[in-house]
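Asks: The structure that follows is given in the form of structure tokens.
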Amino acid sequence: MSDIRAGQERFVAPVEETPLRAIDAVDVDAVPENQWKEAWKRLRTSPIFWLASLILLVVAVMIAFPTLFTDADPTKGSLSLSFEPASEGHPFGYTRQGYDVWARTVYGARASVSVGVITAILTAILGMITGAIAGFYGGLADSLMSRFSDIFFSIPLLLGCIVVVAVLNNTFPERGYWGSVMVVVAALALFAWPQVTRQMRAAVLEVKNLEFVDAATAIGASKFQNLRRHIVPNSLAPVIVTTTISLGVFIVAESSLSFLGLGLPTNVVSWGNDISAAQNQIRSGQNLQVMFLPAAALAFTVLGFILLGEAVREALDPKARKK
Amino acid sequence: MWWYVGKRLLQTIPVFLGATLILFSLLKLRPGDPILNLAGNKPVSQEVRDALAAQYNLDDPLFVQWVLFVKNAITFNFGETFSGQPVFDLIKDTFPVTVVLAVMALAIDAILGIILGTLAGLRRNGAFDTVVLVISLILISVPIFVVGFVAQLTFGVKLQWVPATVGGDWTLSELVLPAIVLAVANFAYTIRLTRTSVAENLTADHVRTARAKGLSNRLVVRNHVLRNSLVPVVTYLGINLGALMAGAIITETIFNIPGVGNTAFLAIQRGETSTVVAIVTFMVMVYVLMSLLVDLLYAVLDPRIRYV
Amino acid sequence: MTEQPLLEVKDLKVGFRAGKELLTAVDGASLTIYPGQTIAIVGESGSGKSTLAHAVIGLLPGNGHVTGGEILFEGRDIAAANKSQIMSLRGSSIGLVPQDPMSNLNPLWRVGHQIKEALVANGVATGKAADQRVIELLEEAGLPDAERRARQYPHEFSGGMRQRALIAMGLAARPKLLIADEPTSALDVTVQQQILDHLDTLTETLGVAVMLITHDLGLAAERADHLVVMYRGRIVESGPAAEILQAPEHPYTQRLVAKAPSIASLRLSSVKERAHIREQAEQAASAVADKIAHGTAGLGVGSSDIVVAENLTKIFKLRGARPWESVDFTAVDNVSFTLRRGTTTAIVGESGSGKSTVARMVLDLLPPTSGRVLFDGVDVKSLSGKQQQLELRRQMQPVFQNPYASLDPLYSIYQSIVEPLRTHGVGSKKEQEAKVLDLLDKVSLPTTVMSRYPGELSGGQRQRVAIARALALDPEVVICDEAVSALDVLVQAQILELLNDLQAELGLSYLFITHDLAVVRQIADEVLVMQDGKVVEAASVTQVFDNPAEEYTQRLLGAIPGASIALGS
């Protein structure tokens, strides 16, 4: 042809250089991996995850075996030891009431972390059930559930807790260790669940319209089978991320309540209580370790949970998965 | 647009009623003699007793009492403290400083959070991003009252740049440090949200199209990346207000600022549950109202919302 | 001739950094475009065609780089130019019409404003003059009522209107080269044709050169005079369009020419093949029908009409303009058809025609507002009890469109295929396993995929798994809802062949829902053309293709790209 211009002549690449592949060939060597396995693989290679695990492992050991860290009894104080400096076996000295600062910090982990963990689990369960019902059944159930959770969502977490704890503390003046923990847990959970509900609802709404759910219905799976087998498992990822991060948030919230005198009762050894008690002792800027040690332990633990949440988010992020 | 506004207004009503119902139930859940509760557990004569019962409608059915509770809340009639002062007078006197503190904190939170978050998001995984990430994670982990004490000790007691406490005759400059403390915890979340949002928008198709039009990088970032990233951030700042109010209780206590939060703290300390509930009710009302405003702002920012 | 090329790409290499690895997306590509000329780059997904286009306009994503070669625009090397030099080229010298009209407009700005930005940035016009120009540009792009439209937001536009706005934007500063990256693949065929026609006229009058990126060989050949075929990052063949189509030389191009549905549908050979398959299928099916008619097992009477839809209507209640108002929307309006045993009935229509709603009603996933579905003579609604309903489910199975959503990502391939057997309690564990192996063999997948998860398979492979799952219960009817629409042409052809083979072997009856009239000839016997919820035309495939009665059907046929091309064989 005459009208072919320079650079546009017929060109055919040598077949040896551009070999054909079978159409849509299966990669036979690939290793089976589902979302969770893949997430785990990403977690394993994440330095943030290992840092978080290390922090949380230390905290866990502290809770399980406090005697490994200190021989002192956190509940026995003697005014003769008030603000005594550090000595052998008491690396951070004593509080004004003569308690061993280090021992109190070690033993304080238990109450603070329990509140966080129990609240997070409770919130996750409540939120998942309500969210799944609202998202899956839709209609009236959804409207009622959504308006109901809106109400609790309209009261800021800490404000709501202040009122609930103030009332419950009056109602149950004698409530013991676990009773005290449960009062704080109940107050936190009461105003925290709507967040999980909203997330779960959104996730379920998205998953339930996917074609594999229709495929399962066409097979003959009942609504409930579908919910249990396909919809809930595929909606969990965002809830897991939020729950992990909220663990840290709840621990901070408990300590804030303690600061206001509404957390665990003062006879319970907890970080919040110790920080709260310490604030009056260090106004002058002396004996700072009395406050900084429990505060550092608290921040350290919360950081552990937040980092863990961060790592889990990265690992479960659908956008990261596609790459 | 107006349907959206109307719908959103209508939705606020059940939320507000529900919230008051929760607070009202909690008030009723208190054990013991309601009259003694009202009088601060001091023995009272039969006359005072009858007067209080009449004043607080204690003999009416619970439902009527709740309706009256709502009515009182709307008309800012929050009852009296143990010492006989109307709670609303207390709020009226203390509210302005809290508003100033909250506005300053919100401004710091929004301005710094959005600027740092944007810079981090534009260079994701760069050195600046990593530093911001680490700092924001640490800020999230440290409770606000610890931050408050550290700031107070360092800048107030040790360095003496600012007075350690604020006190009755507050000035704007005295509130700067407390406002920073109040902003710190939320501000970390604002950074992170902005960062994610900016990084996401940066790879959006429409941003590529904007570049293909020949827009300069500055224009693309300002009009297409930042503008779109702000929508979720503004919503978040609204939710943030709730945390800000709770945080105000702590910050005001540490710095001895005569605001609503400090008043609430003192009431908690004295065990005046009814006053605490009254103040919290007021704060929830403010919060619900602010959430409404933020949602309307959201509709202004995102044209798609107006047509829902 | 002393004409200077507008764009010359010489031995271009583009790589993407993924972690420590460098993946080559474009490997040694060379091409030339002259002023005012339209060329097309054809390739399947992952062939590097879009990457090449993005390299030309300097818009590679963050981890992509030009690793070798030159891109000469009017003699200047873009690949070596700095950022501000490329920026000054964009819009004014090289324009872009992107692929997906839904995501390429900023949802927060008025459409007019977004076009105005292009005018201002390139110094064409400012202020009031620019506003006036925006309206002219929108009118020029074929958008009626342009003045009002310019003030609207993207979400108030339909897909076709958005694409027109994007064309107006790409041409706003009168570039010399327009890169059109799959500009219409997200749109309905008739809209696609209108927009491409308009783009053709426009670029011709303006003398703009066009680089058209497409996966559709027929479309490419129809619109461009020079073709570039890409395969796995390489240019495997290029030259004059007609020559390539009539005498493809590279094996990949030969494959493409042989299999591309838009072209294959024109061949008579596909009609003969289909007739052969149908004969076999009807034989196999009548054997099945005999068994049912004389046995007690199964549902129905063994009649020759396996599915009959009578006056199906579906009305959805939509929220009105005001909260308390509701609007009736008739998605399906009085649709009747018959699917005969061992044959395929295709329902063809554009988006919003109601074709998928019909499929969902036949599958009993959605109750019809009125009308009924008969399965082998039995009214589906009359089935009482869980047992009978399960029995119906066994006989009718779906294969859905989106290969990325039709399998549960948390289920292994084995779990997915065995799920129907478990739900119906068919066989022991051993027997179930044997059945799964048999099914995998039927859909030509190696047994090693059993333990894998959907995320590790390609779209075509997932569709195979979905077909295996659908066949697990030995159904008589399979309903394919856009089952091949999301696949690359070659994979699409392969799956169609698989469906044909399975039909011949098992005597299956298919209800085949599609927007693409081109694939119909390879698989269907009867065709129902739907528009706005109504059946426009119902006839045999040959009649619809050779002698379409309705104007709408004629338009659909005319819109199949490449219809006007003369083929060698």
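The values are calculated or read from the model by the stated rules, or taken from the named source; none is laboratory data. As the structure is a prediction and not an experimental result, all values here were calculated from the model. Cβ atoms come from the backbone with ideal geometry, glycine included; neighbour counts cover every protein chain shown. Remember, those area values only see protein heavy atoms, side chains included, never the ligands or the DNA or RNA. Shrake-Rupley method; radii C 1.70, N 1.55, O 1.52, S 1.80 Å.
Asks: Give me the distance in nm between label points sitting 7 Å out from Cα along the Cα-to-Cβ direction at residue B:219 and residue C:338, one decimal.
Replies: Modelled inter-label distance: 6.5 nm.
Asks: Expressed as an acute angle from 0 to 90° and rounded to the nearest 10, what is the orientation of the C-alpha long axis of helix B:2-29 relative to the principal long axis of chain B?
Replies: 40
Asks: Could you tell me whether chain B comes out rounded, prolate or oblate from its Cα gyration tensor? Rule is a ≥ b ≥ c as square roots of the eigenvalues, rounded for a/c under 1.5, then prolate if a/b exceeds b/c, otherwise oblate.
Replies: Working: a/c = 3.19, a/b = 1.62, b/c = 1.96.
The shape class here is oblate.
Asks: Also, I was wondering about something else. With each pseudo-label sitting 7 Å past Cα toward Cβ, what's the residue A:142-residue B:266 distance in nm, one decimal?
Replies: My value for the distance between the label points is 5.0 nm.
Asks: Can you tell me which of C:325-337, B:264-276 comes out highest on packing, and rank the rest after it, using the mean Cβ neighbours within 10 Å? Could you put the intermediate results ahead of the total?
Replies: Working: C:325-337: 15.7, B:264-276: 21.1.
Highest to lowest by the protection proxy: B:264-276, C:325-337.
Asks: Can you give the local net charge around residue C:435? Use residues other than it whose beta-carbon is closer than 13 angstrom to its beta-carbon, Lys and Arg +1, Asp and Glu -1.
Replies: On the way: positive: C:422, C:429, C:430, C:442, C:469; negative: C:419, C:431, C:433, C:438, C:441, C:474.
With Lys, Arg at +1 and Asp, Glu at -1, the net is -1.
Asks: When you look at the Cβ of every residue in C:157-170, what mean number of other chain Cβ atoms sits within 10 Å? Don't skip to the end; give the middle numbers.
Replies: Details: counts 0, 0, 0, 0, 0, 0, 0, 0, 0, 3, 0, 0, 4, 3.
Per residue, the number of nearby Cβ atoms from other chains is 1 on average.
Asks: In debye, nearest 20: dipole of the protein assembly as shown around its Cα centre with unit charges on the Cβ of K, R (+) and D, E (-)?
Replies: Working: 101 positive and 110 negative charges, 462 e Å.
Once rounded to the nearest 20, the dipole reads 2220 debye.
Asks: About its Cα centre, what dipole magnitude does chain B give when the only charges are +1 on Lys and Arg Cβ and -1 on Asp and Glu Cβ, stated in debye to the nearest 20?
Replies: So the magnitude is around 1620 debye.
Asks: Using DSSP to define loop residues, name the trypsin sites (Lys or Arg not before Pro) in region A:42-125 whose beta-carbon has at most 12 other beta-carbon atoms within 10 Å. Let's see the in-between values first.
Replies: Details: sites: A:42, A:44, A:76, A:96, A:104, A:110; in loops: A:76, A:96.
Counting only loop positions with at most 12 other Cβ atoms within 10 Å, the trypsin sites (Lys or Arg not before Pro) in region A:42-125 are A:76.
Asks: Please quote Rg/Rh for chain C to two decimal places, taking the Kirkwood radius as Rh and restricting both calculations to Cα atoms.
Replies: Here the Rg-to-Rh quotient is 1.00.
Asks: Then there is this: With each label point set 7 Å from Cα along the Cα-Cβ vector, what nm distance links residue C:74 and residue C:128?
Replies: 3.2
Asks: Further question: Mind giving me the FRET efficiency for residue A:37 and residue B:131? R0 is 25 Å, r the Cβ-Cβ distance, nearest 0.05 is fine. Numbers along the way, then the final one.
Replies: On the way: r = 33 Å, r/R0 = 1.33.
Calculated transfer efficiency: 0.15.
Asks: For region B:106-197, state which chymotrypsin sites (Phe, Trp or Tyr not before Pro) are in a DSSP loop and have at most 16 other beta carbons lying within 10 Å of their beta carbon.
Replies: On the way: sites: B:128, B:145, B:149, B:155, B:161, B:170, B:187, B:189; in loops: B:161, B:170.
Here the sparse-neighbourhood loop sites are B:161.
Asks: List the relative contact order of chain B as a percent without decimals, with contacts defined as Cα pairs under 8 Å and 6+ residues apart. Show your work: numbers first, answer last.
Replies: Numbers: 317 pairs, mean separation 80.4, N = 308.
Value for chain B: 26 percent.
Asks: Further question: Any chance you could look up the accessible area of residue C:276 with a 1.4 Å probe, heavy atoms only, rounded to 10 Å²?
Replies: Per-residue accessible area (residue C:276): approximately 110 Å².
Asks: Once amide H atoms are placed 1.01 Å from N in the peptide plane, what residues at a sequence separation of 5 or more from residue C:334, or on another chain, have their amide H within under 5 Å of its amide H?
Replies: Those lying under 5 Å, H to H, from residue C:334 are C:313, C:314.
Asks: Express in Å², to the nearest 10, the accessible area of residue A:18 obtained by rolling a 1.4 Å probe over the protein heavy atoms while all chains stay in place.
Replies: 10
Asks: Further question: Using a Cα-Cα cut-off of under 26 Å, which lysines could be cross-linked to residue C:13, ignoring same-chain neighbours fewer than 8 residues away?
Replies: Leaving aside lysines fewer than 8 places away in the same chain, those within reach of residue C:13 are A:322, A:323, B:213, C:49, C:83, C:176.
Asks: Output the peptides C:447-459, A:161-173, C:79-91 sorted from most to least packed, where packing is the average of other Cβ atoms within 10 Å over each peptide's residues. Mind dumping the intermediate values first?
Replies: Details: C:447-459: 19.0, A:161-173: 20.6, C:79-91: 16.8.
The packing order, highest mean first, is A:161-173, C:447-459, C:79-91.
Asks: Okay, moving on. To the nearest whole number, what is the average tally of beta carbon atoms from other chains within 10 Å of the beta carbons of peptide B:262-274?
Replies: On the way: counts 0, 0, 4, 5, 0, 2, 7, 3, 0, 4, 1, 5, 0.
So the per-residue partner count for this stretch is 2.
Asks: Within 10 Å of each Cβ in B:12-24, how many Cβ atoms from other chains are there, averaged over the peptide? Working shown, then result.
Replies: Values: counts 2, 0, 5, 8, 2, 1, 7, 7, 1, 1, 9, 6, 0.
Averaged over the peptide's residues, the number is 4.
Asks: Right, something else. Of the options C:253, C:189, C:242, report the single residue whose Cα projects farthest towards the positive end of the charge dipole of region C:166-271 (beta-carbon charges: Lys, Arg +1; Asp, Glu -1).
Replies: My answer, from the dipole projection, is C:253.
Asks: Report the charge-dipole magnitude of chain A in Debye, nearest 20, computed about the Cα centre from +1 at each Lys and Arg Cβ and -1 at each Asp and Glu Cβ. Mind showing how you got there, number by number?
Replies: Working: 25 positive and 25 negative charges, 121 e Å.
Roughly 580 debye for chain A.
Asks: Just order C:422-431, C:505-514 by mean Cβ neighbour count inside 10 Å, highest at the front, would you? Display every interim value, and only then the final one.
Replies: Values: C:422-431: 12.7, C:505-514: 23.6.
So the order, starting with the most tightly packed, is C:505-514, C:422-431.
Asks: Over chain A, what is the relative contact order in percent, taking alpha-carbon pairs closer than 8 angstrom and at least six residues apart? Write down the numbers at each step before the final one.
Replies: Details: 406 pairs, mean separation 76.1, N = 323.
Relative CO of chain A lands at 24 percent.
Asks: For chain B, build the charge dipole from Cβ charges (+1 Lys, Arg; -1 Asp, Glu) around the Cα centre, then report which of B:91, B:209, B:263 sits farthest towards its positive end.
Replies: Farthest along the dipole direction, towards plus: B:209.
Asks: Where Lys and Arg each count +1 and Asp and Glu each count -1, what net charge lies around residue B:278 among other residues with Cβ under 15 Å from its Cβ? Please list the in-between numbers first.
Replies: Numbers: positive: B:28, B:30, B:71, B:92, B:270; negative: B:80, B:89, B:93, B:272.
After counting each charged neighbour, the total is +1.
Asks: In deg cm²/dmol, rounded to 500, what helix-only [θ] at 222 nm does the protein assembly as shown give when every DSSP H run of at least 4 residues adds -39500 (n - 2.57) and the total is split over its residues?
Replies: On the way: 45 runs with 659 residues, N = 1200.
Calculated from helices alone, the mean residue ellipticity at 222 nm is -18000 deg cm²/dmol.
Asks: When DSSP beta bridges are limited to those with both residues in chain C, what percentage is antiparallel, rounded to the nearest 5? Don't skip to the answer; put the middle values down first.
Replies: Details: 50 of 88 bridges.
In chain C, DSSP labels about 55 percent of beta bridges as antiparallel.
Asks: Suppose a student asked you for the relative contact order of region C:78-154, using Cα pairs under 8 Å spaced at least 6 residues apart; what percent would you report? It would help to have the intermediate numbers written out before the result.
Replies: Working: 57 pairs, mean separation 25.5, N = 77.
Once normalised by length, the contact order is 33 percent.
Asks: Still on this structure: Rounded to the nearest 10 Å², what accessible area does residue C:288 have for a 1.4 Å probe in the complete protein model?
Replies: 50
Asks: May I pose another question? Compare C:308, A:239 by solvent-accessible area with a 1.4 Å probe and give them largest first, with all protein chains kept in place.
Replies: Working: C:308 25, A:239 5 Å².
Reading off the accessible areas and sorting them downward yields C:308, A:239.
Asks: Which percent, to the nearest 5, of DSSP beta bridges fully inside the protein assembly as shown are antiparallel? Could you put the intermediate results ahead of the total?
Replies: On the way: 55 of 93 bridges.
If we restrict to bridges inside the protein assembly as shown, about 60 percent are antiparallel.
Asks: Further question: From the phi of every residue in region C:133-147, what ³J(HN,Hα) in whole Hz does the Karplus formula 6.51 cos²θ - 1.76 cosθ + 1.60 yield, where θ is phi - 60° and glycine or proline is x?
Replies: With coefficients 6.51, -1.76 and 1.60, one gets 5, 4, 5, 4, 5, 5, 4, 4, 7, x, 9, x, 6, 4, 4 Hz.
Asks: What is the local net charge at residue C:554, summed over the other residues whose Cβ is closer than 12 Å to its Cβ (Lys, Arg +1; Asp, Glu -1)?
Replies: -3
Asks: Let's test the formula: R0 of 56 Å, r as the Cβ-Cβ distance of residue A:57 and residue C:102. What FRET efficiency results, to the nearest 0.05?
Replies: 0.75
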